[in-house]
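Participant: The structure under discussion is supplied below as structure tokens; questions concerning it will follow.
The values are calculated or read from the model by the stated rules, or taken from the named source; none is laboratory data. This is a predicted model, so every value here is computed, not measured. Here the Cβ positions follow ideal geometry from the backbone for every residue, glycine too, while neighbour counts run over all protein chains shown. Each accessible area value is taken on the protein alone, full model and side chains, heavy atoms only, with ligands, DNA and RNA left out. Shrake-Rupley method; radii C 1.70, N 1.55, O 1.52, S 1.80 Å.
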Amino acid sequence: VQLQASGGGLVQAGGSLRLSCAASGRTFSRSAMGWYRQAPGKQRELVARITDGDNSNYADSVKGRFTISRDNAKNTVYLQMNSLKPEDTAVYYCNLKFLGFEYWGQGTLVTVSS
């Protein structure tokens, strides 16, 4: 499985971005997908995840601002990020979990200016 994340960039506070992560292989629809982020000097943290049954949960810091979704026909998971804050600045990674296996994408940088 390979994961290709895209959509990062520079945005002003209050703006929006949509991240995408395309997966190879044939396990996507049966996999749990997640977005994580790592800010400079901090540990990687879970931002949002979505199960193969479309159940989702979010970190408290992004609830009401971020939305995770998936398109199984396109093997792609999305993260819609609204009302961005400078503290959302980080490298965002997508993650796939399937039957005890775990895969990571390469990361995409999101920078939110104040």
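Participant: Checking residue 87 against (1) open to solvent by 60 Å² or more (accessible area, probe 1.4 Å); (2) part of a strand (DSSP E or B); (3) under 16 Å from residue 8 (Cα atoms), which test does it fail?
Facilitator: Answer for residue 87: the failing condition is (2).
Participant: Residues being open to solvent by 40 Å² or more (accessible area, probe 1.4 Å) and under 17 Å from residue 38 (Cβ atoms): count how many of those fall in region 94-112.
Facilitator: Counting residues in region 94-112 that are open to solvent by 40 Å² or more (accessible area, probe 1.4 Å) and under 17 Å from residue 38 (Cβ atoms) gives 6.
Participant: Restricting the search to region 57-71, which residues are in a loop (DSSP other than H, G, I, E, B) and surrounded by 14 or more Cβ atoms within 10 Å (Cβ to Cβ)?
Facilitator: 59, 62, 65
Participant: Tell me, yes or no, whether region 96-114 has at least one residue that is of a type in the set (Lys, Arg), over 24 Å from residue 10 (Cβ atoms) and part of a loop (DSSP other than H, G, I, E, B).
Facilitator: No, there is no match, as no residue in region 96-114 is of a type in the set (Lys, Arg), over 24 Å from residue 10 (Cβ atoms) and part of a loop (DSSP other than H, G, I, E, B).
Participant: How about region 42-56: which of its residues are under 18 Å from residue 20 (Cβ atoms) and open to solvent by 50 Å² or more (accessible area, probe 1.4 Å)?
Facilitator: Selection gives 49, 54, 56.
Participant: Identify the single condition in (1) open to solvent by less than 30 Å² (accessible area, probe 1.4 Å); (2) farther than 19 Å from residue 99 by Cα that residue 31 does not satisfy, given that it satisfies every other one.
Facilitator: Unmet condition: (2).
Participant: A follow-up question, please. Looking at this structure, is residue 26 open to solvent by 50 Å² or more (accessible area, probe 1.4 Å) and within 15 Å of residue 103 (Cα to Cα)?
Facilitator: So residue 26 fits the description; yes.
Participant: For residues that are in a loop (DSSP other than H, G, I, E, B) and open to solvent by 50 Å² or more (accessible area, probe 1.4 Å), tally how many sit in region 72-82.
Facilitator: Qualifying residue count, region 72-82: 4.
Participant: Evaluate the following for residue 5: is it in contact (Cβ under 8 Å) with a residue 60 or more places away in the chain and either assigned to a strand (DSSP E or B) or open to solvent by less than 50 Å² (accessible area, probe 1.4 Å) (or both)?
Facilitator: Criteria met by residue 5.
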